[in-house]
Amino acid sequence: MKRKIYQEMLEWKKRSNGRTALMLDGARRVGKSYIAEEFARNEYAKYLLIDFSKASAKVKRCFNEYLDDLDTFFMLLESACHVELKKGESVVIFDEVQRFPRAREAIKHLVADGRYHYIETGSLISIQKNVKDILIPSEERHLEMFPMDFEEFLWATGNVGAMDVLRLHMKKRKPLGEDMHLHYMDLYRQYLVVGGMPQAVAQFVETHNLREVDAIKRDILALYRSDIHKFGGAIRHKVLSVFNAIPSMLSKHEKRFTLAALSKDARMREYDAVFEWLKSAMTVNICYRATEPSIGLGMNADVISLKCYLGDTGLLVSQAFALPAIQSQDIHERLLSGRLSLNKGMIAENSVAQMLRASGHPLYFYSNTSRDSADDRMEVDFLVSKPDLTRMHNIIPIEVKSNKEYSAVSLGKFRRKYSDTLHTPVVLHPKDLKTDGGILYLPLYMTPLIAEIPS
């Protein structure tokens, strides 16, 4: 399947020219191993793949005994893997590198040697757990890999060029028309149900059997819970309670994570490490409250107040509707047809968070619960910074609406109070594109194009 990270990997290869190894960071099952081998197969004359989840003792012995003699190291490694590499034209892949930290430590020496390129993949949280006794190499370039975004989903389902059509309409601020809009909403709802985990997308493309797709997603959720038990250490029970509570928290009107729902005595300072664990595992997307909409949103972040979205909306759907297979399939079919009213806002907002994060945007929201002034009391779902920092007006406030009938009172208050710093305000909704009163109304499926809104 075509993935956008491939282009970033090409840029790494060109700019680095072997001076750094590439580390692909990402949650489990997002396709890191697949893209690493696909890239190696297409972009190098030869490649050697070492999967440390099943590497032989002979392979591991090379790292343990021969790093001070790299000629012998490579001779034995090539023999053990039955591959003959070409200097300057080959890449070595360390897959599941967290299972053998000694290989990651060796990167410093292998990069300095200069004869081959190196790509590493692994689950980030288990990588961090397994590095306490090794020297972390500074010769690593990290790339984050997320579940497939909406455009990658369109590519996988045969809708190549579809996002280019949307991009043209958005730049011209031209409505798509009823027929085209309904077609894209159908595709967007498919993305909500299936999500962006490559295995689930492949199953959907092959069979269109929602029950089989749901089974794959539930297997992935079970794997994530297993990882929490395995790598969560002393906080694993708190991590699991937060992970399991995500759907119920997002189903609330404000969607902020309320620890009191887990335990009446819970305090955020006791859960800092919990949210950091989930964030490092890249199974969730954390959205922090920004105290004001300025260029440095991160400098104005209130880390005590946050929203916690699941990293993939398809997984959220399967987690939220933990029902027997027949009932679960009915829920999926209702979502596909747009007939599901329950929790539709939760699913739409999670998908927006997922698409914004995959587009490279850190997640922030704005909230003011003032008891003194109704004009100051407001909440805006997301704040996005435009890349052009030469302008004062570079913050895009975003409201997410899942129903066709709604109001945007908070967005209106926000515009009046912070007009000096705002770019175009946006409402993401299930209707066609329109502009009204200085607000740009975009269909939900145009979320990936937010940063491309013309000045």
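The values are calculated or read from the model by the stated rules, or taken from the named source; none is laboratory data. Just so it is clear, the structure is predicted and the values come from calculations on it, not from any experiment. Glycine gets a Cβ as well: all are built from the backbone with ideal geometry, and neighbour counts include every protein chain shown.
What is the one condition in (1) within 22 Å of Ala451 (Cβ to Cβ); (2) surrounded by fewer than 20 Cβ atoms within 10 Å (Cβ to Cβ) that His169 does not satisfy?
(2)
Here's the yes/no breakdown for (1) touching a Lys or Arg at 6+ places or on another chain (Cβ under 6 Å); (2) modelled with pLDDT under 95; (3) within 28 Å of Pro198 (Cα to Cα); (4) loosely packed, with under 14 Cβ neighbours inside 10 Å:
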position: Glu8; (1), (2), (3), (4): no, no, yes, no
position: Lys14; (1), (2), (3), (4): no, no, yes, yes
position: Lys54; (1), (2), (3), (4): no, yes, yes, yes
position: Lys60; (1), (2), (3), (4): no, no, no, no
position: Leu70; (1), (2), (3), (4): no, no, no, no
position: Met75; (1), (2), (3), (4): no, no, no, yes
position: Phe94; (1), (2), (3), (4): no, no, yes, no
position: Phe100; (1), (2), (3), (4): no, yes, yes, no
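Condition check: surrounded by 15 or more Cβ atoms within 10 Å (Cβ to Cβ), under 30 Å from Phe321 (Cα atoms) and not polar (S, T, N, Q). Does Leu182 satisfy that?
Taking the combined requirement at face value, the residue does not satisfy it.
Would you please name the residue that is nearest to Phe74 (Cα to Cα), looking only at residues in region 104-115 that are over 27 Å from the mean Cα position of the chain (by Cα) and among the hydrophobic types (A, V, I, L, M, F, W, C)?
By that ranking, first place goes to Leu110.
Since Leu428 meets every condition but one in (1) surrounded by fewer than 18 Cβ atoms within 10 Å (Cβ to Cβ); (2) part of a strand (DSSP E or B), which condition does it not meet?
Of (1) surrounded by fewer than 18 Cβ atoms within 10 Å (Cβ to Cβ); (2) part of a strand (DSSP E or B), only one is false for Leu428: (1).
Could you run through region 110-125 and say how many residues are modelled with pLDDT under 95 and not polar (S, T, N, Q)?
3
Need at least 1 residues that are at pLDDT 90 or above, charged (D, E, K, R) and out of contact with any Pro (no Cβ under 6 Å at 6 or more places or on another chain) per element, so show me which strands (runs of 3 or more DSSP E) inside region 348-424 make the cut, counting only ones lying wholly within it.
378-380, 395-400
Being surrounded by 12 or more Cβ atoms within 10 Å (Cβ to Cβ) and over 21 Å from the mean Cα position of the chain (by Cα) narrows it down to one residue among Ala27, Ala21; which is it?
Ala21
Within region 257-270, can one find any residue that is surrounded by 15 or more Cβ atoms within 10 Å (Cβ to Cβ) and either in contact with a strand residue (DSSP E or B) (Cβ under 6 Å, 6 or more places away or on another chain) or on the phi > 0 side of the Ramachandran plot (or both)?
There is at least one residue in region 257-270 that is surrounded by 15 or more Cβ atoms within 10 Å (Cβ to Cβ) and either in contact with a strand residue (DSSP E or B) (Cβ under 6 Å, 6 or more places away or on another chain) or on the phi > 0 side of the Ramachandran plot (or both).
If I filter region 277-302 down to residues being part of a strand (DSSP E or B) and in contact (Cβ under 8 Å) with a residue 60 or more places away in the chain, which single residue comes out as surrounded by the most Cβ atoms within 10 Å (Cβ to Cβ)?
Per the stated criteria, the residue is Cys287.
Being under 14 Å from Thr447 (Cβ atoms) and out of contact with any Leu (no Cβ under 9 Å at 6 or more places or on another chain) is the filter here, so list the residues in region 152-187 that pass it.
Across region 152-187, the qualifying residue is only Glu152.
With respect to Tyr66, determine if the residue is in contact with a Leu (Cβ under 8 Å, 6 or more places away or on another chain), more than 30 Å from Lys230 (Cα to Cα) and assigned by TED's automatic domain parsing to the domain that holds Ile119.
In short, yes.
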